[in-house]
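Beneath this line is the structure, given in structure tokens, with notes to follow.
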Amino acid sequence: MTSISALPHEKSDLLKDSHVKNRTSLLQLSVTPVTIIFLLHMKSKTSNQEWILLIHQLPPHPTNLRVRIWRKLQRLGAVAIKNSVYVLPFNEKTREDFQWLKQEIESSSGEATVFRAGAVEGATDEEIRAAFQKARDEEYAQVTAELDGLTGAIREQKRGGHLSAGRVGAHEADLDRLHKELERVVSIDFFSAPSRASALAAYERSHKALRASQNRHERLAKSSSTKGAAPDLSQYQGRLWVTRRNLFIDRLASIWLIKRFIDKRARFSFVAEGESVEGGIGFDLYGGEFTHRGEDCTFETMIKQLGLSDDPGLRQVAEIVHDMDLKDDKFHRSEAAGLNLVIRGLSELLKDDRKLVAQSIPIFDGLYELLRRDQEKSKGGENGKKRTQSRAAKRSRRGSRT
């Protein structure tokens with residue numbers, strides 16, 4: 001039996017050794033200060049499933065760390081298979097999610113290890129998949145119950161003639177909230193849980209009931225602006241920008257931001273974890289000039305540090321990127337789930353970072369233009385309404401004098 005303090009992200013050479021039998025290949029994983037005995041065996045020849053695992057040990061302080069990490073694991077869709085041992089199906093996105101969580105735990109003086117495994121001793125792939133399906137079924141059941149309750153309330157109030165405009169607005173907000181929650185659950189439903197269909201059907205019933213009872217549906221967007229002196233961008237022209245390979249939303253959006261708003265002649269280098277390039281500007285990597293700051297993802301950090309946060313279109317793109325990257329649903333952006341599927345699909349299809357950048361740039365261009373114009377129309381409508389009210393008030397005052 002081999003004792004190791006950290007297992008690399010790729011499978012151990014010991015697991016690849018053809019001389020080691022499937023059921024007798026054991027690794028003892030030591031995580032200071034707590035030792036966890038974790039058993040792995042070689043991946044079955046008939047199975048292509050791989051898993052990414054996170055083992056952590058949290059310190060007693062800060063006291064809210066345990067709850068915060070637990071909530072983030074839930075939002076990632078991770079399933080606990082042992083005490084403080086969580087699993088996700090392996091892909092580059094889930095690996096990145098666990099790596100960011102590992103970094104957060106370690107920055108709070110905790111211990112964390114992330115590794116990849118072909119199979120887990122003591123639980124078959126079918127049992128792990130069933131655990132994922134059970135967890136998602138429970139979430140679907142909760143959303144379905146709330147949707148059915150909303151549908152019942154709408155129909156009852158409509159029959160009784162009590163469905164006022166104020167109540168319609170409240171029901172719209174409830175349906176919007178439940179729709180976002182349903183999209184979140186679908187995005188982490190890795191193995192098509194049986195209750196997904198009934199939850200989607202419940203949403204359709206609520207949507208139809210509300211649509212039949214309303215004359216128009218309005219959505220109000222909230223935006224916040226951060227004003228400050230813009231820095232000199234000349235120092236960032238024609239530079240080499242460096243980030244980690246296997247791009248996903250935060251790095252892709254940051255590349256688009258750099259190319260469109262910061263450095264028209266930018267060059268990019270994609271490096272492995274822990275590598276750097278001399279003279280390059282690092283972003284979304286450890287020790288980079290632009291990376292996560294507090295609750296902000298890299299994209300948010302860049303628009304704030306580079307004086308771009310007064311652009312309403314960029315602020316809204318930043319909210320979507322934040323919700324996708326950090327999965328804390330801070331801004332409740334409904335666009336996040338759809339964009340997540342598009343980027344994941346392109347990533348799986350292309351499997352090349354530079355091709356992925358080329359295909360993603362027009363997507364961000366379109367998203368930005370749509371959000372910017374919608375914001376301008378909304379602002380123009382409000383200004384027009386105020387001007388109309390002002391003119392009406394003046395006419396009223398003139399009439400009263402005569």
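A few notes on this one:
- Search result, residues across segment 254-272 that are surrounded by fewer than 18 Cβ atoms within 10 Å (Cβ to Cβ), without any contact (Cβ under 8 Å) to a residue 40 or more places away in the chain and not basic (Lys, Arg): Ala266, Ser269, Val271, Ala272
- Considering the conditions (1) outside any helix (DSSP H, G or I); (2) more than 20 Å from Ile262 (Cβ to Cβ); (3) out of contact with any helix residue (DSSP H, G or I) (no Cβ under 6 Å at 6 or more places or on another chain), Lys377 is excluded by exactly one of them, (1).
- Residue within segment 158-172 that is hydrophobic (A, V, I, L, M, F, W, C), modelled with pLDDT under 95 and buried (at least 17 other Cβ atoms within 10 Å of the Cβ) present: yes
- Residue match in segment 347-369 (condition: in contact with a Ser or Thr (Cβ under 6 Å, 6 or more places away or on another chain) and hydroxyl-bearing (Ser, Thr, Tyr)): no
- Verdict on Ser192 being on the phi > 0 side of the Ramachandran plot, within 27 Å of the chain's Cα centre (by Cα) and assigned by TED's automatic domain parsing to the domain that holds Ile81: no
- Of all residue pairs spaced 6 or more apart or on separate chains, those with beta-carbon atoms under 7 Å, a first member in segment 182-194 that is closer than 16 Å to Arg71 by Cα and a second member that is among the β-branched types (Val, Ile, Thr) and buried (at least 20 other Cβ atoms within 10 Å of the Cβ) are Val185/Val143.
- Among residues of segment 231-247, those that are small (Gly, Ala, Ser) and either touching a residue at least 12 places away in the same chain (Cβ under 8 Å) or in contact with a Phe, Trp or Tyr (Cβ under 7 Å, 6 or more places away or on another chain) (or both), counted: 1
- Just so you know, in segment 287-317 the residues that are in a helix (DSSP H, G or I) and touching a residue at least 60 places away in the same chain (Cβ under 8 Å) include one that is surrounded by the most Cβ atoms within 10 Å (Cβ to Cβ), and it is Val317.
- In summary, Phe331 fulfils each of the numbered conditions (1) touching a His at 6+ places or on another chain (Cβ under 7 Å); (2) part of a helix (DSSP H, G or I); (3) among the aromatic types (Phe, Trp, Tyr) with the single exception of condition (2).
- For segment 329-350, the candidate set comprises residues that are touching an Asp or Glu at 6+ places or on another chain (Cβ under 8 Å) and charged (D, E, K, R); within that set, the residue that is surrounded by the fewest Cβ atoms within 10 Å (Cβ to Cβ) is Lys330.
- Hey, Arg216 basic (Lys, Arg), at pLDDT below 90 and either part of a loop (DSSP other than H, G, I, E, B) or surrounded by fewer than 19 Cβ atoms within 10 Å (Cβ to Cβ) (or both) or not: yes
- Among the residues of segment 226-253, the ones that are modelled with pLDDT under 50 and surrounded by 10 or more Cβ atoms within 10 Å (Cβ to Cβ) come to 2 in all.
- Extreme residue, modelled with the highest pLDDT, among residues of segment 292-345 that are of a type in the set (Ser, Thr, Tyr) and touching a helix residue (DSSP H, G or I) at 6+ places or on another chain (Cβ under 6 Å): Thr298
- Conditions (1) buried (at least 16 other Cβ atoms within 10 Å of the Cβ); (2) part of a helix (DSSP H, G or I); (3) of a type in the set (D, E, K, R); number of the one not met by Arg116: (2)
- Of the criteria (1) out of contact with any Phe, Trp or Tyr (no Cβ under 9 Å at 6 or more places or on another chain); (2) under 28 Å from Val87 (Cβ atoms); (3) assigned to a loop (DSSP other than H, G, I, E, B), which one His162 fails: (2)
- Taking segment 266-286 as the range and being assigned to a loop (DSSP other than H, G, I, E, B), within 23 Å of Ala358 (Cα to Cα) and among the charged types (D, E, K, R) as the test, the residues that pass are Glu273, Asp284.
- Applying the set (1) assigned by TED's automatic domain parsing to the domain that holds Ser187; (2) crowded, with 18+ Cβ neighbours inside 10 Å to Val87 leaves exactly one unmet item: (1).
The values are calculated or read from the model by the stated rules, or taken from the named source; none is laboratory data. Owing to the predicted nature of the structure, the values given are computational and were not obtained by experimental measurement. Counting neighbours? That spans all protein chains shown, and the Cβs are built from the backbone with ideal geometry, glycine included.
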